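Read-outs throughout are calculated quantities, based only on the coordinates presented, and are distinct from any laboratory measurement. Computed from a predicted structure; not experimentally measured. So basically every Cβ, Gly included, is an ideal-geometry build from the backbone, and we count neighbours across all protein chains shown.
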Amino acid sequence: MLKLYKEKERDLVILNLTDPQLDNNEWNTDAGQILCYTVEELIHRTNPDLITVTGDLAWQSQMESYDKFGQLMEKCGVPWTFVLGNHDNEGGADHSREICNIVSRHGGCLFEQGDAEMGCGNFVILTEEDGKPAVGLIFMDSHIAHFYDVDGVEYERDDGLNEAQLRWYREQVEALEKLGCHHSAVFMHIPVPEFMTAYNEALAVPADALTIEKSYDPDSWNEPYKDSFGIRLENNNIVGPDDGFFDLICELGHTKALICGHEHINCAVIKYKGVSLVFGLKAGRGCYWRPEMNGGTVITANAEGIKEIRHEFVEATHFW
């Protein structure tokens, strides 16, 4: 279990980035400039204690890009960490470990590969204040996603978490509780199916009528979801057997926020069954994006738990 010491009597500030996903050549283009500017601007605005990256750091064959991303993070001068995304994992287990080695060797990175049975990058960071536990940050490898067509509709089926990971998660929560840490957040790449369920239950207006601005109006949401915000423009249909992870989160009652990436033009945040389900705001234009949905997600927490989750939008239109 890794440790991160937070400043006394100051909230812990986590800046989450997701899906930067540049290839080797894009770092020397406006795409690279946009990503670097976005990260630098977010750090300037938020002064984070930790930067987290929820997957798809690059493309699995683009090894130079992984190194450049690690250089960018090191340059920030802030402790940082990451989980792998489905595109990072496409080369197989050995290749994923190689990617993790390339990225994590850069300064400031807090990372453990963990048990190979569970993938690459399952670990915990315990934050402490004045020698006492504050909040636990749990990082999990959500593996790879597969796409297939059924009667002209594209569906997504993710591998989900395996049984070893579910056992491990339970063990980590129990270990945190014994240390006196009673709150945690989980970071992984691919959302659980409950993200779709929550959005469908929460939304009080037609989906195509909701804008980012309107999403901050409580009237856009049903009871008891009035504190929701953000939009969901991407309709990846996650199907297949549920791995049971969200049910386990609810059973144990320790994790209060699940932060994911993967879907670049979704940024909805909805509290569902006591857990904030967070589509992280995408950083940069890598792969595909919407310019008005560029930035990062800020999570503030202390020993009492998660205090606030918000998106920090960064305008980058001056690059074109």
Query raised in the report: Does the range 32-107 come out rounded, prolate or oblate by the C-alpha gyration tensor, with a ≥ b ≥ c the root eigenvalues, rounded set by a/c under 1.5 and, if not, prolate when a/b is larger than b/c and oblate if not?
Result: prolate
Query raised in the report: Counting only residues 5 or more places away or on other chains, whose amide H sits under 5 Å from the amide H of Lys271 once H atoms are built in the peptide plane?
Result: Leu277
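Which whole-number percent is the relative contact order of the range 2-319 (Cα, under 8 Å, 6+ apart)?
Over the range 2-319, the number comes to 22 percent.
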Query - Calculated from backbone phi, Karplus (6.51, -1.76, 1.60) coupling profile of the range 136-141 in Hz, x at Gly/Pro - result: x, 10, 10, 10, 9, 7
Query raised in the report: Under a point spin-label approximation (7 Å from Cα along Cα-to-Cβ), what is the Asn235-Lys75 distance to one decimal in nm?
Result: 4.0
Report summary line: Residues whose built amide H sits under 5 Å from the amide H of Val135, excluding neighbours closer than 5 in sequence, are Thr127
Query raised in the report: What net charge do the residues around Leu35 carry, taking every other residue with its C-beta under 13 Å from that of Leu35, with Lys and Arg at +1 and Asp and Glu at -1?
Result: -3
Report task. In whole Hz, with x marking every Gly and Pro, tabulate ³J(HN,Hα) for the range 203-208 from phi via Karplus 6.51 cos²θ - 1.76 cosθ + 1.60, θ = phi - 60°. Result -> 6, 9, 10, x, 4, 6
Query raised in the report: Once every DSSP H run of n ≥ 4 in the chain is given -39500 (n - 2.57) and the sum is divided by its residues, what mean residue ellipticity at 222 nm do you get, rounded to the nearest 500 deg cm²/dmol?
Result: -7500 deg cm²/dmol
Query raised in the report: What is the distance, in nm, between label points placed 7 Å from the Cα along the Cα-to-Cβ direction at Glu292 and at Asp30?
Result: 1.9
Requested in this report: Please work out the FRET efficiency for the pair Lys214 and Asp94, using the Cβ-Cβ distance as r and a Förster radius of 45 Å; give the result to the nearest 0.05.
Outcome: 0.45
Query raised in the report: Rounded if a/c is under 1.5, else prolate if a/b beats b/c, else oblate: with a ≥ b ≥ c from the C-alpha gyration tensor eigenvalues square-rooted, which is the chain?
Result: rounded
Report task. Would you please give the residues with an amide H less than 5 Å from that of Asp242, counting only those at least 5 places away or on a separate chain, with H modeled from the backbone geometry? Result -> none
